[in-house]
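Worksheet for the structure shown next.
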Amino acid sequence: MCPTPEQQHHSYWKGPIRAGAFCYIRKYSAYTIAVLERQLEPLNLAAGKLDFDGIDPEIGMHLLSIYWSRQLYTAQIIYRPAFMRDMACEGPYFSKLLLNAIFFVVSKHCDRPELRSDPNDITTAGWKFRQRFTQLLRDSFDKSEITTLQALLIMSNALFSRCDERSLSWLYAGNAFNMFIDLGLHVLPAVDSITAEELEIRKRVLWGAYLIDKIQCLFQGRPPLLNRVNLRASLDFLDDYDELEPFQGITYMTTKPGVIPSLNVSLLTNLCELTTIVERILREIYSESRESNLVHRANISEKIKSQLRNWRQNLPLRLDYLSFPDQAVFLPQSACLLALFNVLIILVHRPLLIGHDGVINSTTAHESVNACTAAANQIVQILHDYSQHFSLSSAPYMLSYATYISATIHARIVAQKGSNSSVFQSLVLCRNILAEHTRLYSAAEKAKENLDKLISHLGISAADDNLRTGSPGSSGNNFPNEHMVLDESTNVAREPGVADGAVEFGSSLMSLELSDLDLEAIAQGFQVDVESHSFWNSLV
């Protein structure tokens with residue numbers, strides 16, 4: 001049985017803990033427990049207490065450090081203080097299955113050749129961890145445990161983005177969600193019935209599972225499995241210790257960053273709020289059982305757009321660098337958060353371009369074209385800004401997905417404006433980034449293939465060397481593959497007032513630029529999404 005945090009802390013400095021301290025743990029806040037556990041991490045490592053399942057401790061800790069610093073949403077399903085404590089004493093919130101899932105997820109971001117089956121091939125990084133995971137899963141698959149569902153969910157995420165193994169990814173996720181319900185984790189117990197730490201662990205698992213479900217459904221074009229209405233839990237996290245934890249630029253950049261806060265709790269809370277809107281978009285706009293009535297669809301879209309406006313207006317200034325560059329902290333995760341917001345703007349407006357029974361409302365169509373183009377341009381702006389601080393070649397998959405969605409809008413505009421337009425350079429840029437991301441993400445390769453098919457379908461010249469090879473032509477979009485820093489010429493004019501929802505309607509300059517578009521052709525360009533497979537597949 002694991003000692004309590006107080007017992008461990010006292011054992012290093014004051015000998016055996018006094019009698020009655022077991023009751024005293026209930027008086028400790030989750031924050032205090034987190035502080036104690038973080039102090040114990042290096043002590044347990046130095047004492048050789050941490051179980052790395054046969055991996056060199058120095059490499060193991062490096063991989064764990066990458067995991068805690070990289071993941072926007074999958075890391076949050078694991079409560080670090082409990083995981084690291086139980087790693088030292090075989091407690092219930094640590095398992096070798098979960099450890100190997102973590103190692104596999106982050107191994108592609110580690111440049112150590114000894115982690116690869118082929119030292120010269122980064123795609124072989126961490127395959128021994130996947131083999132070990134598969135071996136251990138045989139003994140864990142038939143019983144519901146928190147660590148097993150955590151391992152299945154983060155492995156599911158990696159199998160999709162890294163390996164493009166969509167069926168296995170979905171099956172792992174489905175089994176994890178069944179375990180989630182089987183354990184009753186979708187309903188939190190009364191606050192006074194469990195310890196603060198236990199409550200925080202369950203809340204992190206609950207919201208982490210919800211996040212992974214929504215993001216994976218968005219990426220894969222599948223209906224969500226977990227419903228917000230069935231989750232009885234607030235977004236008030238007890239432990240905010242890692243809010244001011246210094247940001248670690250491991251794998252994001254080659255130079256050591258200055259001391260800036262990671263803002264993990266703020267990012268987690270606002271991402272959870274945004275994914276509740278993702279659920280509504282998937283269920284009420286893209287679901288096969290969605291309401292087909294045109295008036296109803298328009299009303300739903302307006303309500304969701306209002307939700308998105310409110311979310312952006314309420315986003316803490318420190319996370320919204322686009323609107324408040326002097327007050328915000330620029331982080332890879334905050335860039336992903338803003339990119340996701342713009343993706344949702346596009347997904348809400350896209351169906352409004354298709355019309356009903358061949359009839360297109362020109363006012364609605366112009367508004368939607370403007371909104372989609374403004375959001376697509378803002379994603380390009382985010383990519384540009386990201387490249388000035390971090391390496392685009394190692395960006396999280398969320399940016400790959402946003403890049404693809406942005407490119408599908410640019411392609412429709414280029415089909416009418418031609419390759420001499422500035423939009424064409426944005427399309428080339430997006431395709432270049434997707435091509436670079438294939439080094440880490442097989443799903444990015446699939447996205448690039450889908451983009452190339454769309455480009456061909458829209459009649460954009462595939463013979464154009466700029467587009468076929470991704471060379472920049474005259475715009476200065478060339479960038480070194482190793483670090484992918486974009487030239488200043490790729491900078492997109494920022495949309496004013498985006499925090500007030502102006503991004504939905506675009507600037508007057510943009511409206512003028514797009515005023516001569518053939519809306520019928522635009523609508524037909526989006527209609528192919530429906531005819532080729534389905535709305536779901538068009539999201540991938």
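The values are calculated or read from the model by the stated rules, or taken from the named source; none is laboratory data. If you're wondering where the values come from, they're calculated on a predicted model, not measured in any experiment. Because the Cβ atoms are built from the backbone with ideal geometry, glycine has one as well, and the counts that use them run over all protein chains shown.
Summed over region 280-302, residues that are surrounded by 12 or more Cβ atoms within 10 Å (Cβ to Cβ) and either assigned to a loop (DSSP other than H, G, I, E, B) or modelled with pLDDT of 95 or more (or both) total 5.
A quick yes/no check of all residues on (1) under 26 Å from residue 216 (Cβ atoms); (2) in contact (Cβ under 8 Å) with a residue 60 or more places away in the chain; (3) among the hydroxyl-bearing types (Ser, Thr, Tyr); (4) out of contact with any Lys or Arg (no Cβ under 9 Å at 6 or more places or on another chain):
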site	(1), (2), (3), (4)
76	yes, yes, no, no
81	no, yes, no, no
89	no, yes, no, no
94	yes, no, no, no
98	yes, no, no, yes
105	yes, no, no, no
115	yes, no, no, no
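Considering region 159-187, and only residues there that are among the hydrophobic types (A, V, I, L, M, F, W, C) and over 21 Å from residue 93 (Cα atoms), the residue that is nearest to the chain's Cα centre (by Cα) turns out to be 160.
Could you tell me whether region 149-163 includes any residue that is closer than 25 Å to residue 34 by Cβ, out of contact with any Ser or Thr (no Cβ under 9 Å at 6 or more places or on another chain) and β-branched (Val, Ile, Thr)? No, the conditions are met nowhere in region 149-163.
Counting only residues that are in contact with a helix residue (DSSP H, G or I) (Cβ under 9 Å, 6 or more places away or on another chain) and farther than 10 Å from residue 265 by Cβ, which one in region 239-251 is surrounded by the most Cβ atoms within 10 Å (Cβ to Cβ)? Checking each candidate, the answer is 247. Does residue 88 satisfy the condition of being crowded, with 21+ Cβ neighbours inside 10 Å, under 25 Å from the mean Cα position of the chain (by Cα) and of a type in the set (A, V, I, L, M, F, W, C)? In short, no. Listed by first and then second residue, the pairs with beta-carbon distance under 7 Å, at least 6 apart or on different chains, first residue in region 126-152 and surrounded by 18 or more Cβ atoms within 10 Å (Cβ to Cβ), second of a type in the set (Lys, Arg), are 126/108; 136/96.
Residues that are hydroxyl-bearing (Ser, Thr, Tyr), crowded, with 22+ Cβ neighbours inside 10 Å and within 21 Å of the chain's Cα centre (by Cα) within region 418-464 comprise just one, 441.
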